Amino acid sequence: MKRLLSLALVALPGAALAHPGHDAGSLGAGFAHPLGGADHVLAMVALGLLAAQAGGRALWLLPTSFVAAMLAGGAAGWAGLPFGAVEPVILASVIILGATVAIAARLPLGVMAAMAAAFGHTHGWAHGAEGPAQGLPSYALGFALATALLHGAGILAGRAAAQPLLRAAGGLTAVAGLALVVGG
């Protein structure tokens, strides 16, 4: 297990920089973009874990808040609106979402939804800014679908896992986020 974790921590910094799908404004290119970066995958699955851990209305509100704000952020990034701290905020989203799950924080639903929206906007800005010059609607639909599926995977995993395992997954996510910071 230690070897697997060490290998993952060594591989993650390079994976975070490997974002495919920048060259074409297609649904497939948009779908591939969030899947090609460990930073995006970790944050989106962690948001699903958090939604599962919180339960109730959080199951739909957190992913919906993230995706809606991500689409707005994608349009802002595509339009060239400035966002100087995008990469640090993306990395912070991995660490904060993972740590929130790890400590089983009981935050008010409104606070979690605002956090999801802020992080969603940031991830979306990166998708839009790194996206194609043409075909934004198809590309945006692609990254929205991939994100929703990653949230869904986190929710399913979170609902299936016992609380100690869920918290451990959050902790590993936060550690992987830190590894991305150090390795990036």
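The values are calculated or read from the model by the stated rules, or taken from the named source; none is laboratory data. Only a predicted model underlies this, so the values are computations on that prediction, with no experimental measurement involved. Don't worry about glycine lacking a Cβ; one is built from the backbone with ideal geometry, like all the others, and counts go over all protein chains shown.
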Exercise for review: Considering (1) small (Gly, Ala, Ser); (2) in contact with a helix residue (DSSP H, G or I) (Cβ under 7 Å, 6 or more places away or on another chain); (3) modelled with pLDDT of 95 or more; (4) surrounded by fewer than 21 Cβ atoms within 10 Å (Cβ to Cβ), say which one residue 138 fails and leave the rest.
Suggested key: (3)
Check your understanding: (1) surrounded by fewer than 24 Cβ atoms within 10 Å (Cβ to Cβ); (2) among the hydrophobic types (A, V, I, L, M, F, W, C); (3) under 24 Å from residue 58 (Cα atoms): which one isn't true of residue 70, the others all being true?
Key -> (1)
**Study point:** First in segment 105-129 and farther than 13 Å from residue 73 by Cα, second anywhere and at pLDDT below 95, Cβ under 7 Å, 6 or more apart
**Key:** none
Revision key, fill the gap. Looking across segment 23-55 at residues that are more than 26 Å from residue 178 (Cα to Cα), of a type outside the set (D, E, K, R) and in contact (Cβ under 8 Å) with a residue 12 or more places away in the chain, the single one that is surrounded by the most Cβ atoms within 10 Å (Cβ to Cβ) is 30
Practice item. Report yes if some residue within segment 15-25 is in contact with a helix residue (DSSP H, G or I) (Cβ under 9 Å, 6 or more places away or on another chain), of a type in the set (Gly, Ala, Ser), under 13 Å from residue 90 (Cβ atoms) and at pLDDT 95 or above; otherwise report no. Key: no
Study note, to complete from the structure: All conditions in (1) under 24 Å from residue 158 (Cα atoms); (2) among the aromatic types (Phe, Trp, Tyr); (3) crowded, with 17+ Cβ neighbours inside 10 Å are true of residue 60 except (3)
